[in-house]
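All remarks here apply to the structure that follows.
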Amino acid sequence: MTTRTNSLKTTMQTSKNYEVRDPQSSIETQTLAINVGPQHPSTHGVFRMNVVLDGEVVTSLKPVMGYLHRNHEQIAENMSYAASMPYTDRLDYFNSMTNNFGWALTVEKLAAIDVPERVEYVRVIMAELTRLVNHVSAIGFLLNDLGAFFTPVLYAFREREKILDIFEEVSGSRMMCNYFRFGGLRRDVTPAVLEKIRGIVNKFPAFLDEFETLLTKNEILCMRCQNVGILPRDLAVNASITGPLLRASGVNYDIRKVDGYSVYNRFEFKVPLGPKGDVYDRYYVRILEMRESLKILDQALKGIPAGEIMAKKMLPFVKSPRNFKPPVGEAYGRVEGPKGELGFYVVSDGTAQPWRYHVRAPSFINLTILEDMCRGQKLADAIVILGSIDIVLGEVDR
Amino acid sequence: MEFMDQIFVNLKSTVLTLAGGFLPPWAVILLCAAISLGVIAVIGPVTMMYLTLIERKVLARMQNRIGPNRTGPWGLLQPLADGIKMLTKEDIVPKNADRIVHLVAPILIVIPALLVFAVIPFGKNMIPADLSVGVLYFLSISSTTTIAIFSASWASRNKYSLLGGMRAVAQMISYEIPMVLSVVPILLVTQSLSTGAIVRAQGAYGGWGWFVFTPWGFAAFITFFLCAVAECNRSPFDLPEAESEIVAGFHTEYSGMKFALFYMAEFMNAFTLSALAATLFLGGWQGPWLPSWAWFFIKTYALIFIMLWFRGTLPRFRVDQMMNLAWKFLLPLSLINILVAGFWHFANPPLAIGGSIAMLWASGWIFTRLNRDYTPEKRTYLFGE
Amino acid sequence: MFFGSGVIKGMLVTLKAFAASYFRGPDKGGIFTVQYPEQRLAEKENFRNFPFLVYDKTPDNLRCVACDICAKECPPKCITIVREFDKDNKPLKRPAVFSIDHTVCMNCGICEEACPFDAIFMDHNFEIASTDRQGDLLLQKEALLKSNDYFNKIRPTDASAIDAKRAEAEAKKKAAEQAAAAKAAAAAAAPKLAAAAADKPAVPTEPPKTV
């Protein structure tokens, strides 16, 4: 326990919603410093928050990251471009397809590889399925943080399971897909699988409706989430927050629209924006995004052409990925991952290994804003705010 | 029918008659008490053990799972396996803990949970001790749980425990008040504090004169049940042991059998509070066709099912919202309800029904409006292109 | 709507699930879990787990030629290959040591993709839990060897395509040999050259599928 210091007092007075105690009170109280994590049930992994509490109110919160650091970037700099692909699966292990997408996009940009049409469509389908998986389980885990005893998360996992079956069927693995290749895909998608995806896309709205009946209008959820952890628009932009977090704060920024990478500019979809930027908006923006993803999936499934699954330029490297040497140069490729802007920066010196490789991990950058959102809120809110950011520690710590 | 209804009563009197043949009278009285005690001492823990299984099964079914099914048929031996596991686990006491209080607290918490079984009317003539102050006894004994919880949290010397203990004290004391006040209308109407008399007062219309069917009874039942859920720290009021926030709250530092005792107390409280709610509002053992004890257990388990259902559906309140609910909504509502009960008693039937429903509805609406900060906002979501 | 109606609606959803768990099938909101050791989901053909080595007919006849390509492509470097030498210290086209460390392998499937000799493939066997790290998780050549029939059983589509490809390659090789032999024969007996060449190579009946 630490006694309260002057600096803390000033931070408390500057923050909104903070119930400052009666300065005339003769009761001497102390603040309580607690370590939330790294072995805490709801820090989504090995993440630690040094929280100073005044009663139940958070006066300061310092995120401590790095418990899961695995040297991802250095490892990638010491192996061939293609060999990094399975490592990107392990960044954000909920969304390996999108991670693959980002890395493939970056190297294709670096080496100026044209990707066949069918590949683009399959990639979009896989990325949007990943978004469904991620958002639905993010909401489930958010509810777990709110104290619902696993029911929403298990409903979410029931649907996630069906999509993971698709991933297993096309790529061979449920989570560590390693499915994309530079200029193509590991293997083609069979018509039977496309039919299954169509089945999922048709049934998913019914599930979402049920999920919303369970959650959206629930008074306890509204009480817990509305006006909690407000992230102001300006702060969100300044802190380079991306993804649903940014859009919940009302900023119309979606890389699928801004860059129009792959074939996203061919699809009709909208970008849901939140009016307030609190936890509830983050929850609801994710629901709306899933509905938009379903629209994209519907169009992509209708428009998917037949054709090659590997670019001509990359055919020689299918059997010997080690020999792939992109030209000297640098490239930054980014995709709209379910958690935000997932960027890969790569510098090539003409050898088979990248000279510099960097990942702009959305979870990591979104996490930096945690203290600003939590200060002045209750401890229970801090947990919920962390849940609403939707982090995966594999990506935060890399 | 009558035979089935009184089977346990007759069994006990047969035993006592047989024993009376060769035992002195004072020993028969002792034996009579011992039988009741023995039955309670068995029913309490067994109820708790099987409530854990029922809870896991019901929650699993709500979550599209099967639940425990490996130990015995339908997992019926699961509680035994859990018990053995708990008993054989290492008992860890933190280095800086207050060892004596740390040891005493779990024992202290089980005692009131067992004591309150004494005034529960399990069936017709099946009340272990028909005290004339039964309800008061129940409420006062069960409120001592707070002390045990707080001593457990303080003795653990753990910050999470402390937070949980503080929450527990605040919550249990706050919810005690609307809970007691919601019982008052019943006491006014029945003019008795005895649980047996309260059940007998609900015997009208062939066993259907339950107080829950009156407007004030319904409002009091809702209030009482919500407070009961809060009293035994169950979801959505499980803040003292909120696992997503403060790890396990007041029993963070407990392991093995000590932890099991906390668990036991929680489930026995859930059972006894449901039983009391059934007694006070749902007519206790009153009901047609079935034996009285069957009715009692059906009603109690229905209420327990609702508690589990809450747990399977609802997220947790935040600490300030929970206090608001108690002080700004349930407390005034229960006060109004006392007034409504008096009105019901003295007014003529048509006016009584209409008037009390109108009064409750209006006050409920007013309290909701006054607590507008806590009602959901309407939001519109724009779409960017 | 009144305060609390959202909660009640939500509770009806869970009650529906509770009821459905008794009366509905897994695809209609009932229980969707699988009682694993007794019940199993159908294995997906493309499912990949740890790699294994394929042999044709007898275990001596393994396809691996110890070229070391998979070991080099392997991202976590879990494959160790040592080439076998004969008595005269001449390198043979087979590995003396081929070990895969399952504790390191990350099931990416790159070895399978890179192998030019169709010798290493991803297995379906996922029940490999063990307490013996050296014995059961650091797999040596003998433990890794599995027959082509097994490969055909677990992944029929891929296996038949590869078999067809290999049969074609074999046939081409044979044809080349025969052609060479015929040429030699022709060189030996120059006058009667035309008729011998009519011996056509065996053309595979089925065209190779793309994988």
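The values are calculated or read from the model by the stated rules, or taken from the named source; none is laboratory data. Fair warning: this is a prediction, and the values are worked out from it, not measured in the lab. When we count neighbours, we look across all protein chains shown, and the Cβ atoms used for this are built from the backbone with ideal geometry, even at glycine.
Of the residues that sit in the range A:141-154 and are surrounded by fewer than 24 Cβ atoms within 10 Å (Cβ to Cβ) and more than 7 Å from every other protein chain (Cβ to nearest Cβ), which one is nearest to B:Ile246 (Cα to Cα)?
A:Phe141
From the list B:Thr380, B:Thr313, exactly one residue is within 10 Å of chain A (Cβ to nearest Cβ), surrounded by fewer than 16 Cβ atoms within 10 Å (Cβ to Cβ) and of a type in the set (Val, Ile, Thr). Which is it?
Only one candidate passes the filter, namely B:Thr380.
So which residues in the range A:86-136 are within 14 Å of chain C (Cβ to nearest Cβ), of a type in the set (Phe, Trp, Tyr) and either in a helix (DSSP H, G or I) or within 11 Å of A:Phe344 (Cβ to Cβ) (or both), if there are any at all?
The answer is A:Tyr87, A:Trp103.
Of the conditions (1) modelled with pLDDT under 80; (2) within 11 Å of another protein chain (Cβ to nearest Cβ), B:Pro349 satisfies every one except a single condition; which number is it?
Failed condition: (2).
If a residue must be free of Cβ contacts under 8 Å to residues at least 40 places away in the same chain and in contact with a helix residue (DSSP H, G or I) (Cβ under 7 Å, 6 or more places away or on another chain), how many such residues does the range B:198-214 contain?
So the count comes out to 1.
Can you work out which of the residues in the range A:35-50 that are under 19 Å from B:Arg157 (Cβ atoms) and surrounded by 21 or more Cβ atoms within 10 Å (Cβ to Cβ) is modelled with the highest pLDDT?
Out of the qualifying residues, it is A:Val36.
Only one of these is in contact with a Pro (Cβ under 6 Å, 6 or more places away or on another chain) and crowded, with 17+ Cβ neighbours inside 10 Å: A:Leu245, A:Leu221. Name it.
A:Leu221
Among the listed residues B:Leu23, B:Leu31, which satisfies the condition of being of a type in the set (A, V, I, L, M), farther than 30 Å from B:Trp154 by Cα and not in a helix (DSSP H, G or I)?
Criteria check complete, one pass: B:Leu23.
Scanning the range A:263-299 for residues that are in a loop (DSSP other than H, G, I, E, B) and in contact with a strand residue (DSSP E or B) (Cβ under 8 Å, 6 or more places away or on another chain), which turns out nearest to the other protein chains (Cβ to nearest Cβ)?
Step by step, filter the range A:263-299, then rank; the result is A:Lys270.
Across the range B:58-83, what is the total count of residues that are in contact (Cβ under 8 Å) with a residue 12 or more places away in the chain, within 14 Å of chain A (Cβ to nearest Cβ) and part of a helix (DSSP H, G or I)?
Total meeting the criteria: 3.
What is the residue count in the range A:300-333 for residues that are within 30 Å of A:Ala236 (Cβ to Cβ) and surrounded by fewer than 21 Cβ atoms within 10 Å (Cβ to Cβ)?
3
Can you find a residue that is surrounded by 13 or more Cβ atoms within 10 Å (Cβ to Cβ), facing chain A (nearest Cβ under 9 Å) and out of contact with any Gly (no Cβ under 9 Å at 6 or more places or on another chain) anywhere in the range C:61-72?
Looking for residues that are surrounded by 13 or more Cβ atoms within 10 Å (Cβ to Cβ), facing chain A (nearest Cβ under 9 Å) and out of contact with any Gly (no Cβ under 9 Å at 6 or more places or on another chain), one finds at least one in the range C:61-72, hence yes.
For A:Asp234, indicate whether it is surrounded by fewer than 22 Cβ atoms within 10 Å (Cβ to Cβ), of a type in the set (D, E, K, R) and more than 10 Å from every other protein chain (Cβ to nearest Cβ).
When the stated conditions are applied, A:Asp234 passes them.
State the number of residues belonging to the range B:226-258 that are at positive phi, within 13 Å of another protein chain (Cβ to nearest Cβ) and either of a type in the set (Ser, Thr, Tyr) or more than 13 Å from the chain's Cα centre (by Cα) (or both).
Residues meeting the conditions: 2.
Against the condition closer than 30 Å to B:Pro376 by Cβ, aromatic (Phe, Trp, Tyr) and within 10 Å of chain C (Cβ to nearest Cβ), how does A:Phe211 come out, does it pass?
So A:Phe211 fits the description; yes.
For residues that are without any contact (Cβ under 8 Å) to a residue 40 or more places away in the chain, more than 29 Å from C:Leu12 (Cα to Cα) and of a type outside the set (Ser, Thr, Tyr), tally how many sit in the range A:170-210.
Here the count works out to 8.
Can you name every one of the helices (runs of 4 or more DSSP H) wholly within the range B:84-193 that holds 2 or more residues which are within 29 Å of B:Gly342 (Cα to Cα) and in contact with a Gly (Cβ under 9 Å, 6 or more places away or on another chain)?
Filter on the range B:84-193 gives B:159-190.
Could you tell me how many of the residues in the range B:228-249 are among the small types (Gly, Ala, Ser) and assigned to a helix (DSSP H, G or I)?
Qualifying residue count for the region: 4.
What's the number of the condition A:Phe47 fails, among (1) without any contact (Cβ under 8 Å) to a residue 40 or more places away in the chain; (2) within 30 Å of B:Leu239 (Cα to Cα); (3) not aliphatic (A, V, I, L, M)?
Looking at each condition in turn, A:Phe47 falls short on (1).
Collect the residues in the range C:30-57 that are of a type in the set (D, E, K, R), within 11 Å of chain A (Cβ to nearest Cβ) and either under 22 Å from B:Arg70 (Cα atoms) or out of contact with any Asp or Glu (no Cβ under 8 Å at 6 or more places or on another chain) (or both), keeping them in residue-number order.
C:Glu43
Taking A:Tyr87 as meeting all but one of (1) surrounded by fewer than 19 Cβ atoms within 10 Å (Cβ to Cβ); (2) under 23 Å from A:Arg398 (Cα atoms), write down the number of the exception.
(1)
Take the conditions in a helix (DSSP H, G or I), within 13 Å of chain B (Cβ to nearest Cβ), of a type in the set (A, V, I, L, M, F, W, C) and under 22 Å from A:Lys378 (Cα atoms) and apply them to A:Leu245. Does it pass?
Answer is no for this residue.
Would you be able to say whether some residue in the range C:8-29 is outside any helix (DSSP H, G or I), more than 36 Å from the chain's Cα centre (by Cα), within 14 Å of chain A (Cβ to nearest Cβ) and among the small types (Gly, Ala, Ser)?
Yes, the conditions are met somewhere in the range C:8-29.
Evaluate the following for C:Phe2: is it in a loop (DSSP other than H, G, I, E, B) and aromatic (Phe, Trp, Tyr)?
Yes.
Is it the case that some residue within the range B:319-340 is of a type in the set (Lys, Arg), surrounded by 19 or more Cβ atoms within 10 Å (Cβ to Cβ) and either within 30 Å of B:Glu245 (Cβ to Cβ) or within 19 Å of the chain's Cα centre (by Cα) (or both)?
Looking for residues that are of a type in the set (Lys, Arg), surrounded by 19 or more Cβ atoms within 10 Å (Cβ to Cβ) and either within 30 Å of B:Glu245 (Cβ to Cβ) or within 19 Å of the chain's Cα centre (by Cα) (or both), one finds none in the range B:319-340, hence no.
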